[in-house]
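The next block holds one structure in the form of structure tokens; read it before the comments.
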Amino acid sequence: MKKIYTLVTILAASFAANAQTTVKKEFNQFGFTNAQAFPSGAIDSNISFTTVKNASNVDPAYYDGGGGTIRLYPGAGDGGSLEFTFTNNITVTDVIVEAGVTNAADATYFVDGSTTGTALVADSQGLYTISGINAATGLKFQNSANATSGNQIRVLSVTFTYTTSASTKENNIEGLNIFPNPANDVLNITSNNTADKNVQLFDLTGKKVLDVTTVSQVNVSTLKAGIYVAKINEAGKTATRKVVIK
């Protein structure tokens, strides 16, 4: 029994230290005014952004049309850019930049301040996909179209996937309560916040056996009896708990 509880402790610490987060932000959520030049803001508590003109003849700006986009204009390969800064010891692994299908010029991205960029082309849905980058400090996404082409990139949203390093403490959810524990059919998960909670359960081998989003209840009737580690994400905060299923 002591060995089992040691495994639970190790698993819980591992999930807390290397928690993976995916966050999507649409630019119409920021409250920018129409034609606002050089928009900037925070994607979440770990990622912020600014817009830079570079060699473009037109300032980057937010426009309400087309669902609300930040427009990056060309500049002979050195056009407008979205520049993201990462803090709190996160490692960004994947990024999706969503643009309008008819406004998705060639792009280049730069990782962690590198001056050597990687060319990027949008797919048929207007998505620029960046994967496997392991960026620690920042990312620059730039319009690299020729200045005479007139091609813009109108960015609707960005999605980041990142992990939290071991040096970042678990951001506990205030008032978190899981009951009954042990549980038979239903696990109640409450906190001081009424926001949705993403709940993942892992068995003692580290295999994820359940992944649901709920306000307060999780059906565990299909799980085998045993000890599990629950990882809960709520409003940008994460907690792990031991759960027993009877």
Ranked by how many other beta carbons lie within 10 Å on average, peptides 21-27, 206-212 from highest: 21-27, 206-212
Electrostatic dipole magnitude of the chain [Cβ: Lys, Arg +1; Asp, Glu -1; Cα centre; debye, to 20]: 1020 debye
Calculated diffusion of the chain, Stokes-Einstein form, Kirkwood radius summed over Cα pairs, 25 °C and 0.890 mPa s, µm²/s: 123 µm²/s
Candidate aspartates and glutamates for bridging to K197, where Cα separation is under 12 Å - those fewer than 8 sequence places away on the same chain excluded: D211, E234
Gain on full stretching of the segment that runs from V215 to F179 - 0.36 nm per residue minus C-alpha separation: 11.6 nm
Cα-based convex hull volume of the stretch 97-138 per residue, rounded to whole Å³: 72 Å³
By average C-beta atoms within 10 angstrom, highest first, the peptides 86-92, 125-131, 33-39, 46-52: 46-52, 86-92, 125-131, 33-39
With Cα atoms, 0 to 90° folded angle of helix 2-17 axis to the chain main axis: 20 degrees
Helical mean residue ellipticity (222 nm; -39500 (n - 2.57) per DSSP H run of 4+; nearest 500) of the chain: -2000 deg cm²/dmol
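Since every read-out is calculated from the coordinates, none of them should be taken as a lab result. Only a predicted model underlies this, so the values are computations on that prediction, with no experimental measurement involved. Note that we place each Cβ from the backbone using ideal geometry, even for glycine, and neighbour counts take in every protein chain shown.
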